[in-house]
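Heads up, the thing below is written out as structure tokens.
The values are calculated or read from the model by the stated rules, or taken from the named source; none is laboratory data. What you see is a predicted model, and the numbers here were worked out from it, not measured in a lab. Methodologically, a virtual Cβ is constructed for each residue, glycine included, from the backbone with ideal geometry; neighbour enumeration extends over all protein chains shown. Calculation scope for accessible area: heavy atoms of the full protein, side chains included, ligands and nucleic acids excluded. Shrake-Rupley method; radii C 1.70, N 1.55, O 1.52, S 1.80 Å.
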Amino acid sequence: MLRNDKQEDSNEQMDFLEMEDLTAALSVPSETFPRAAVALKDQIVQSTWKEDLGQGVDPTFCTGLLGTAFTCLKSYEATGDRRDLQLCTDIVDTCAVVFQSTRDVTFLSGRAGVYALGAVVAEFRDDSERRRLFLDLFEEVAQERALPVGPDEGGFGMSYELHHGRAGFLWAVLFINKHLGQDTVPRSLVMPVVEAVLAGGRVGASDNPLCPLMYRWHGTRYWAAAHGLAGILHVLLHFPLSQEDMEDVKGTLRYMVRNRFLQSGNYPSSEGNPRDKLVQWSHGATGVAIALCKAAQVFPHEREFRNAAIEAGEVVWKKGLVRKVGLADGVSGNAYALLSLYRLTKEDVYKERAEAFAGFLYHNAGKMVEADRLKGGDYHTYSLFHGLAGTACLWFDIASPEKSMFPGFEL
């Protein structure tokens, strides 16, 4: 589970940040990042995989071994070193064994993630037998009865959000189809789940005539990427929707833009929450900015989404040097919002800003992690979403910003 929006201390801006930090960050040579990424990946593998795993292995993408596997895959894509591909394969196999005991069906926290990544890695290795094995296992996940059940049929038993819900399963489908070919997971299996997500959103928004779609997670109407609107809408934007469905998605995004904090431009972590403090992927402008970038690509003639994405990106740039290093609630995740804007606008300023954040991490990630340890930080130092694996992925992507993708969120 990601840190909730009430735990705000980790999201305050760095108290040791001075302008010379950014100046130093901008001075990092671009060729430094790939080398630093490989070295950090090796450190992550050593700490999470090669050393004694002990009891209670965490196999998940966000906080566990599957994040290490994904980092190895990023390294292989950047360097072509097939040893990384073998490492990824070995780690996925271990995660698959552990995941036999969970019912979670998402990419970030469940079986869908390990089977989707396993199939894609098998494709990279030209191993058709393993590819088929993992696709068969994924199809078993897709048969989960609750996935396509709409609210009229009691469909509130499974959540809708990205981290633990149906949007997280749909993202795994998108990941497979991107790498293995469209309709590898057939539309006949997928679209009923999409329709259930839309139907659930309409029921959830039935008491608010101004917002077409709304969802609750543990009773709270979250807005951002991990558990809320930004994550769900971002996933829906990848699917072929009817005109009515598209209008509901657009209307919900417009509702969010209209109801952001007007003074700062930031976004509330949940419906009606007055606190304007969190700027990260899991709560705040970062995840919303990335979702708006996708909307601007899907609706290129509707300038409002592009403008709103740029405005959210300004919030990330001004407030995004937070106390954590990871993707979910740290500087690495905030840098990916800037990379999304670079891909959308092709304007170098966003690439330079992302490089500044990456350079800031190059100079400061070690002491940020150590400061978190001294404060009793409870997240895994080397994990993908809360630790240094996210930083390693960012450094790989900084070298090829036009191909950059937020792990587990962008495609």
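As an exercise, identify the trypsin sites (Lys or Arg not before Pro) in region 310-382 lying in DSSP coil whose Cβ has no more than 13 other Cβ atoms within 10 Å.
Listed in order of number, the matching sites are Lys346, Lys375.
With every protein chain left in place, what is the accessible area per residue of the chain in square angstrom, probe 1.4 Å?
40 Å²
Is there a pair in Lys277/Lys367; Lys74/Lys250; Lys178/Lys319; Lys50/Lys319 whose C-alpha atoms are over 31 Å apart, and which pairs would that be?
In this structure, Lys74/Lys250; Lys178/Lys319; Lys50/Lys319 exceed 31 Å between Cα atoms.
For region 224-233, just list the computed ³J(HN,Hα) in residue order, Karplus coefficients 6.51, -1.76 and 1.60, θ = phi - 60°, integers in Hz, with x standing in for Gly and Pro.
Karplus-based 3J(HN,Hα) across region 224-233 equals 8, 7, 5, 10, x, 4, 4, x, 5, 5 Hz.
Taking amide H atoms as placed 1.01 Å from N in the peptide plane, list the residues 5 or more away in sequence, or in a different chain, whose amide H sits under 5 Å from that of Ser270.
Distant-sequence amide H within range of Ser270: Trp223.
Output wanted: per-residue J couplings in Hz (rounded whole) for region 143-151, from phi through Karplus 6.51 cos²θ - 1.76 cosθ + 1.60, θ = phi - 60°, x for Gly and Pro.
Ordered by residue, 3J(HN,Hα) equals 7, 3, 4, 6, 4, x, 7, x, x Hz.
Work out how much length Ser242 to Lys318 would gain on full extension: take 0.36 nm times their residue separation and subtract the Cα-Cα distance, in nm to one decimal.
The span from Ser242 to Lys318 would gain 23.6 nm if fully extended.
By how many nm would the segment from Asp58 to Met191 lengthen if fully extended, with 0.36 nm per residue of separation less the alpha-carbon distance?
Separation in residues times 0.36 nm, less the Cα-Cα distance, equals 44.8 nm.
Once you place label points 7 Å from the Cα toward the Cβ at His218 and Arg83, how far apart are they in nm?
Roughly 4.1 nm, to one decimal.
Counting only protein heavy atoms and using a 1.4 Å probe, what share of the accessible area of the chain belongs to carbon plus sulfur, as a whole percent?
48 percent
Give the residue list of GluC sites (Glu not before Pro) in region 330-362 that are DSSP loop and have at most 14 other beta-carbon atoms within 10 angstrom.
For GluC sites (Glu not before Pro) across region 330-362 that sit outside H, G, I, E and B with at most 14 neighbouring Cβ atoms in 10 Å, the list reads Glu347.
Nearest 0.05, what FRET efficiency do Asp136 and Lys403 give at R0 = 30 Å with Cβ-Cβ as r?
Taking R0 as 30 Å, the efficiency between Asp136 and Lys403 is 0.50.
For region 292-301, in order, what is each residue's ³J(HN,Hα) by Karplus, 6.51 cos²θ - 1.76 cosθ + 1.60 with θ = phi - 60°, in whole Hz (x at glycine and Pro)?
5, 4, 5, 4, 5, 6, 6, 10, x, 8
Going by Cβ distance under 4.7 Å, what cysteines of the chain have no possible disulfide partner?
Result for the chain is Cys62, Cys95, Cys211, Cys293, Cys393, no neighbouring Cys Cβ within the cutoff.
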